[in-house]
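No lab work stands behind these numbers, since they all come straight from the coordinates. Note that this is a predicted model, so its numbers are computed, not measured. Methodologically, a virtual Cβ is constructed for each residue, glycine included, from the backbone with ideal geometry; neighbour enumeration extends over all protein chains shown.
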Ligand code: SF4
Ligand code: SF4
Ligand code: FES
């Protein structure tokens with residue numbers, strides 16, 4: 001990474017972009033599985049049973065993390081653009097990542 | 001080339017012009033309290049007199065000496081070598097995001113053209129026959145302008161901004177920061193025109209708030225905060241016009 005980019009809020013920007021991209025890529029899969037419900041209960045259950053594997057659980061952890069980090073990162077940006085200026089954005093960005101990680105871990109613990 | 005010497009710094013300097021170029025290496029004797037500008041000047045005086053670079057005040061006032069130092073845009077006259085040197089090495093390049101004229105001197109025209117495009121010029125209502133406007137230093141608008149006003153036009157923020165590299169039409173942090181200080185100047189009469197200029201394509205709405213500009217501004221200004229202020233102004237003007 002180029003030297004001028006090595007600062008926390010650039011990393012926050014990058015994470016926000018990549019998590020958004022990751023979520024966008026996941027959406028078609030999500031709709032496909034939901035779409036199986038239209039094909040009948042059996043087809044839907046079959047699609048769902050595929051989601052029981054441990055690897056998929058781990059991928060879900062990643063997915064929840066992406067969702068949460070994109071959500072809280074987005075809230076931070078909304079606050080930055082619509083509320084009085086704060087000099088704490090490095091801390092807020094770190095907090096968003098920490099909360100997202102916490103939520104994703106909670107999800108993983110419940111999933112196993 | 002003399003033998004590598006621990007009291008010498010190895011300096012890679014970009015040489016070339018708009019057509020392209022490459023790095024030349026120099027060994028520069030270390031001095032106490034030496035700045036990066038001192039290093040470049042030493043090279044030009046003692047190693048290669050054809051090296052082109054730009055400076056004027058040497059005390060952080062004029063904003064003409066900015067260069068990329070080890071990949072980060074800095075005012076070289078106020079940057080001490082011992083703060084930035086890595087393994088006894090320095091790499092000095094012309095500022096990013098601006099066309100090079102020769103070696104370390106880049107063409108600032110587009111940077112200043114964007115100040116004009118952002119309506120960066122003060123245009124007052126009073127004539128010299130009238131009394132000086134009384135503005136309380138405690139007024140919120142005056143305080144907002146004050147936070148943005150100490151810009152030395154060095155283009156360090158402009159070089160740090162990736163949106164400028166991705167979208168050459170983007171006005172950039174310095175011009176928008178300037179527009180913000182004027183939007184908060186109650187004596188200025190072009191607030192409407194300026195708001196239109198900075199809300200247009202390539203204006204404040206293109207900023208991604210990464211704060212690269214604020215991380216490297218040598219005067220510790222925060223163009224991101226100014227741009228966030230402009231975004232709020234643009235949004236409220238939009239809703240008022242509905
Ligand atoms: S905060 Fe905006 S102006 Fe500053 S470097 Fe980032 S994109 Fe550029
Ligand atoms: S805002 Fe700061 S970095 Fe940008 S031109 Fe002005 S002084 Fe230089
Ligand atoms: S020479 Fe004037 S700011 Fe560096």
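For the pair residue B:220 and residue A:24, what calculated FRET efficiency results from E = 1/(1 + (r/R0)^6), where r is the Cβ-Cβ distance and R0 = 41 Å, to the nearest 0.05? Walk me through the intermediate numbers first.
Working: r = 37 Å, r/R0 = 0.91.
That gives a FRET efficiency of 0.65.
Need the C-alpha centroid separation for the range B:8-63 versus the range A:53-71, integer Å.
Cα centres, the range B:8-63 to the range A:53-71: 50 Å.
For helix A:8-36, report the angle its Cα long axis makes with the longest principal axis of the Cα atoms of chain A; keep it between 0 and 90° and round to the nearest 10°.
Roughly 20 degrees between the two axes.
Any idea what the alpha-carbon Rg over 2.2 N^0.38 Å comes to for the range B:8-106? Write out the running numbers ahead of the final one.
Working: Rg = 12.2 Å, N = 99, 2.2 N^0.38 = 12.6 Å.
Normalised Cα radius of gyration, the range B:8-106: 0.97.
Quick one: if the Förster radius is 35 Å, what FRET efficiency do residue B:109 and residue B:83 give, using the C-beta to C-beta distance and rounding to 0.05? Could the numbers behind the result be given before it?
Values: r = 31 Å, r/R0 = 0.89.
The calculated FRET efficiency here is 0.65.
Based on the inverse mean of 1/r over its pairs of different Cα atoms, what is the Kirkwood hydrodynamic radius of chain A, in Å?
Numbers: mean 1/r = 0.0626 Å⁻¹.
For chain A, inverting the mean 1/r across all distinct Cα pairs yields 16.0 Å.
Going from the alpha-carbon gyration tensor of the range A:47-112, what semi-axes, largest first and in whole Å, does one get by taking the root of 5 times each eigenvalue? All intermediate terms of the calculation are to be shown ahead of the outcome.
Values: eigenvalues 195, 25, 9 Å².
Calculated on Cα positions only, the semi-axes equal 31, 11, 7 Å.
Helix A:89-111: angle to the longest alpha-carbon principal axis of chain A, degrees 0 to 90, nearest 10?
20 degrees
If the chain between residue A:14 and residue A:102 were fully stretched, how many nm would it gain, using 0.36 nm times the residue separation less the Cα-Cα distance? Before the final figure, lay out each step's value.
Numbers: separation 88, 0.36 × 88 = 31.68 nm, distance 2.01 nm.
Full extension of this stretch gives 29.7 nm more.
Across peptide B:131-144, how many C-beta atoms of other chains are within 10 Å of each residue C-beta, on average?
Details: counts 0, 0, 0, 0, 0, 0, 0, 0, 0, 0, 0, 0, 0, 1.
Partner-chain Cβ atoms within 10 Å, mean over residues of B:131-144: 0.
Please arrange B:59, A:33, A:64 by how many other C-beta atoms lie within 10 Å of their C-beta, fewest to most.
Details: B:59 8, A:33 13, A:64 19.
Lowest count first: B:59, A:33, A:64.
When you take every Cα atom in the range B:133-242, what is the radius of gyration, and what is Dmax, the widest Cα pair distance, in Å?
According to the Cα coordinates of the range B:133-242, Rg and Dmax are 13.7, 43 Å.
I need the per residue convex hull volume for chain B, using only the alpha carbons, in cubic angstrom as a whole number. Can you show the working numbers first?
Values: hull volume 36.0 nm³, N = 242.
Looking at chain B, the number lands at 149 Å³ per residue.
Simple spin-label model, 7 Å along Cα-to-Cβ: residue B:131 to residue B:186 in nm?
With each label placed 7 Å out from Cα toward Cβ, I get 1.4 nm.
With runs of 4+ DSSP H residues as the only contributors, calculate the mean residue ellipticity of the protein assembly as shown at 222 nm using -39,500 (n - 2.57) per run, divided by the residue total and rounded to the nearest 500. Before the final figure, lay out the partial values.
Numbers: 14 runs with 173 residues, N = 354.
Mean residue ellipticity at 222 nm (helix-derived): -15500 deg cm²/dmol.
Relative to the longest principal axis of the C-alpha atoms of chain A, give the angle of the C-alpha long axis of helix A:54-82, reported between 0 and 90° and rounded to the nearest 10°.
40 degrees
Taking the Cα-to-Cβ direction at residue A:79 and at residue A:38 and moving 7 Å from each Cα, how far apart do the two end points lie in nm?
The answer from the label model is 4.0 nm.
Name the most mobile residue of B:41, B:76, B:50, meaning the one with the largest mean-square fluctuation, in a Gaussian network model of chain B with Cα contacts below 10 Å.
Highest fluctuation among the options: B:50.
What is the Cα radius of gyration of the range B:53-112 over 2.2 N^0.38 Å, N being its residue count?
Values: Rg = 11.6 Å, N = 60, 2.2 N^0.38 = 10.4 Å.
Dividing the Cα radius of gyration by 2.2 N^0.38 Å gives 1.12.
Classify the protein assembly as shown: rounded, prolate or oblate, from the alpha-carbon gyration tensor (a ≥ b ≥ c, eigenvalue square roots; a/c under 1.5 rounded; otherwise prolate if a/b is larger than b/c)? Please list the in-between numbers first.
Working: a/c = 2.51, a/b = 1.35, b/c = 1.85.
Since a/c reaches 1.5 but b/c is at least a/b, the shape of the protein assembly as shown is classed as oblate.
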